[in-house]
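Report on the following structure.
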Amino acid sequence: MVNSIFLQLLTGLQLGAIYVLISLGLALIFGTLGVVNFAHGAMFMVAAYLGVVISQAEWGGWGMAIVLVPIILFGLGLLMERGLIRFFYTRPHTDQILVTFGLAIVLQEGFKWYFGANNLPFATPDWGSGIMRLHEYLPFLEGFVAYPKWRLILTAVSLITVALLFALLQFTTFGLVVRAGMRDSEMLRLLGVNISQRFAIVFALGVAIAGIAGVFGGPVTQVDPGIGMVFLVPSFLVVVIGGMGSLPGAVLASFIIGLAISFTATIPALANIIVYLIAILILLFRPRGLLGQKGVME
């Protein structure tokens, strides 16, 4: 009984780790720029495909994929922000949703045309393959208890990413300027601060986090043109449940959703709708979400 509960808990944390990496970028972009980015799931899809290509290339490998994919996604995020998104900062959220969702469809169909509609195999590296014998490290477990090593690595990477992002925003000059720009960007412009440049970097950083999700989460999920859409709606619900624009809320909601899916996995009918049930219950009693701020999206 202890083993079963512990493994379900661990699986819930691993599922939550994927949602954290995807929804964190969504929440960061909305919280700083006020942009509802429905192309974010497509960025996860692009990163997963890049991870497959680079990790299997003769000149590449897994080390190159881990380094290059977030960097490429950061550059792609800058192009998106400068070439498209910045023109929609002052437009209604419906316009932002339509244009970013349209971009997601274009990317999805483009990758389907080039790579085909079938799932691409995305094998884990040798150092991340195999199992971890948890009973050798945790004395409260009974008998033989093992868990896939890569899923543990994914969870650890997610937690490290969250810690680094919060440190960047809370303890650096860049983070201070960004947080000030969220409150009064016009005042910073009058003081001679190029806040538009900072906001472009923040958008690109949110996309880069989706890149981390793609390269580490791809082997756990799957790699096909529709994978971005599969994770888009649950990830957006995570942001809504946590509170629009709240990074701590997105992290908290991600792990709540992951645990809920894990503990209802034996009841498929419930597992398929548990995310929506949680969203309904929380928003009934907390219309702004768990940690949402007054005035956001109101």
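The values are calculated or read from the model by the stated rules, or taken from the named source; none is laboratory data. Quantities reported herein were computed from a predicted structural model and do not represent experimental measurements. Every residue, glycine as well, gets a Cβ built from its backbone with ideal geometry; the counts of neighbours run over all protein chains shown.
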Fill in: Among (1) at pLDDT below 90; (2) farther than 18 Å from residue 25 by Cα; (3) buried (at least 20 other Cβ atoms within 10 Å of the Cβ) - the single one residue 268 does not satisfy
(3)
Worksheet item: Is there a residue being touching a residue at least 40 places away in the same chain (Cβ under 8 Å), under 16 Å from residue 30 (Cβ atoms) and buried (at least 18 other Cβ atoms within 10 Å of the Cβ) anywhere in the stretch 59-73?
Response: no
Worksheet item: within 14 Å of residue 28 (Cβ to Cβ), without any contact (Cβ under 8 Å) to a residue 60 or more places away in the chain and not aromatic (Phe, Trp, Tyr): does that describe residue 164?
Response: yes
Discussion item. Looking at (1) modelled with pLDDT of 85 or more; (2) under 23 Å from residue 66 (Cβ atoms), which one does residue 221 not meet, given that it meets all the others?
Written reply: (1)
